[in-house]
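Working notes for the structure below.
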Amino acid sequence: MHIYLETERLTLRRFTTDDADLLIELDSDPAVMRYLTGGVATAPETVRERYLPNILAGYEKWGGGLGLFAAEEKDGGAFIGWFILRPEDRLDEVELGYRLRRAAWGKGYATEGSEALLAKAFRELGVRMVWAETMTVNQGSRNVMKKLGMTHTETIPTPPDMERVEGSEHGGVRCEITKEQWEQR
Ligand SMILES: CC(C)(COP(=O)(O)OP(=O)(O)OC[C@H]1O[C@@H](n2cnc3c(N)ncnc32)[C@H](O)[C@@H]1OP(=O)(O)O)[C@@H](O)C(=O)NCCC(=O)NCCS
């Protein structure tokens, strides 16, 4: 197992070729997918043929420092979902994201995993700014960003492929935190 980081209660590790079923199960819960696809599950073949190969390719591309990582409870080892730190154009500006199984909600895990990712990004990876985006109506995700000390910087339009998602008429929000802001917290 290739461990990426550990928090008090979680281990974040690299995904492997054997993990397709974990991702398929995660994306098959309508509650998890509510503000992503309107509740529609990701097709298993999409996970096997596109998502997982892309995740694994990301470890090569970014040398294991950035990418999408599986989160497990230290106590018992249950898979609880994933976290992502992903650059778009520049390596020093990265996106933070999270998708957790319903059974893991409400325990502070999204905040705990994200705090550790911010620390890693700013202390070890030379990142200057971390950003995250979510739908305006995704209160859970917005609350995580707020708890992390991220600032709402922009209201963004709903991407065309998400126009049928509940609440899409309210658009989305972009939040950011710079290394300087993080250090001053
Ligand atoms: C959004 C999500 C990551 C939150 O995970 P979580 O581990 O339950 O979040 P935390 O426990 O760290 O909660 C952080 C804060 O947000 C609040 N919160 C969490 N979910 C909430 C919700 N649905 N509505 C309102 N507040 C919520 C918590 O109460 C907590 O605030 P508090 O400490 O003041 O009580 C999780 O619900 C999830 O994976 N959802 C499905 C996928 C998704 O929407 N991902 C984000 C896409 S941008």
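Nothing in this text is a laboratory measurement; each read-out follows from the coordinates by a stated rule. Predicted model, so just to flag it, every value in this text is computed and none were measured. Glycine also receives a Cβ, built like all others from the backbone with ideal geometry; neighbour counts cover every protein chain displayed.
Points to keep in mind about this one:
- Ranking of 117, 148, 36 by count of other Cβ atoms within 10 Å, fewest first: 36, 148, 117
- Here the residues 19, 29, 75, ranked from fewest to most Cβ neighbours within 10 Å of their Cβ, fall in the order 75, 29, 19.
- Counting only Cβ charges, +1 for Lys and Arg and -1 for Asp and Glu, the dipole size of the chain around its Cα centre is about 400 debye.
- Cα gyration tensor shape for segment 62-185, rounded if a/c is under 1.5, else prolate or oblate: oblate
- Trypsin sites (Lys or Arg not before Pro) restricted to DSSP loop in segment 47-99 with at most 16 other C-beta within 10 Å: 74, 90
- Lys/Arg +1, Asp/Glu -1 at C-beta; segment 1-133 dipole; positive extreme among 108, 41, 58: 108
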